[in-house]
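See below for the structure under consideration.
The values are calculated or read from the model by the stated rules, or taken from the named source; none is laboratory data. Just so it is clear, the structure is predicted and the values come from calculations on it, not from any experiment. Note: ideal-geometry Cβ built from the backbone for every residue, glycine included; neighbour counts use all protein chains shown.
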Amino acid sequence: MAKVLVVGNGAREHVLGRQLLKSNQVEKVYCAPGNPGMLESGIEIIPIGVTDFGKLVEFARKQGIDLTVVGPEQPLQQGIVDYFSTAGLTIFGPTQAAAKLESSKEFAKKIMQEARVPTASYVSYQDEATAIKGIAKKIIHW
């Protein structure tokens with residue numbers, strides 16, 4: 001029977017934890033940091049932040065976690081999957097490089113354009129003044 005750690009504290013992570021508990025292959029589900037409502041579902045909440053990778057790895061090793069599942073974008077963007085993989089732990093989620101498709105809309109648009117994936121046009125600005133001028137120019141052309 002597996003022990004699973006879910007990283008996050010929102011509704012998505014609550015549902016993941018609840019569904020994992022329904023599996024006859026899962027013995028225990030922990031969620032870090034979790035939320036009080038998860039306790040009613042039988043999920044044990046652990047007061048470790050989603051970006052405290054060192055403490056999460058330490059907890060996973062100490063508890064014999066078989067699988068970690070990551071819900072929120074922030075730890076994925078910051079490289080939690082790479083960190084856990086380097087530590088030799090099994091984790092489900094995209095690497096930091098792959099998570100950039102979700103965390104950077106500009107990067108995702110560039111990739112779609114290069115791959116000729118149909119997508120809406122976009123413009124990227126680096127400062128407020130240029131953005132205001134660009135938007136004003138677009139409005140005039142509509």
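For this structure, a couple of remarks:
- Looking only at the stretch 91-141, and only at residues there that are within 30 Å of G54 (Cα to Cα) and among the β-branched types (V, I, T), the one that is farthest from the chain's Cα centre (by Cα): I91
- Each residue in the stretch 23-42 was checked for being touching a helix residue (DSSP H, G or I) at 6+ places or on another chain (Cβ under 9 Å) and surrounded by 12 or more Cβ atoms within 10 Å (Cβ to Cβ), and 11 of them qualify.
- The one condition in (1) within 30 Å of K55 (Cβ to Cβ); (2) not in a loop (DSSP other than H, G, I, E, B) that G88 fails to fulfil: (2)
Yes or no, residue by residue, for (1) within 19 Å of the chain's Cα centre (by Cα); (2) not charged (D, E, K, R); (3) not in a loop (DSSP other than H, G, I, E, B):
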| site | (1), (2), (3) |
| --- | --- |
| L21 | no, yes, yes |
| N24 | no, yes, no |
| K28 | no, no, yes |
| C31 | yes, yes, yes |
| M38 | yes, yes, yes |
| S41 | no, yes, no |
| V50 | yes, yes, no |
| V57 | yes, yes, yes |
| A60 | yes, yes, yes |
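- Candidates are the residues of the stretch 50-66 that are touching a Lys or Arg at 6+ places or on another chain (Cβ under 8 Å) and surrounded by 14 or more Cβ atoms within 10 Å (Cβ to Cβ); the one that is farthest from A97 (Cα to Cα) is Q63.
- On the stretch given as the stretch 74-85, residues that are in contact with a helix residue (DSSP H, G or I) (Cβ under 6 Å, 6 or more places away or on another chain), over 17 Å from V6 (Cβ atoms) and part of a helix (DSSP H, G or I) total 2.
- Taken over the stretch 97-142, the criterion of being assigned to a loop (DSSP other than H, G, I, E, B) and modelled with pLDDT of 85 or more is satisfied by A115, R116, V117, P118, T119, A120, Y125, Q126, D127.
- Given (1) in contact with a helix residue (DSSP H, G or I) (Cβ under 7 Å, 6 or more places away or on another chain); (2) over 24 Å from R18 (Cα atoms); (3) of a type in the set (D, E), index of the condition E114 fails: (1)
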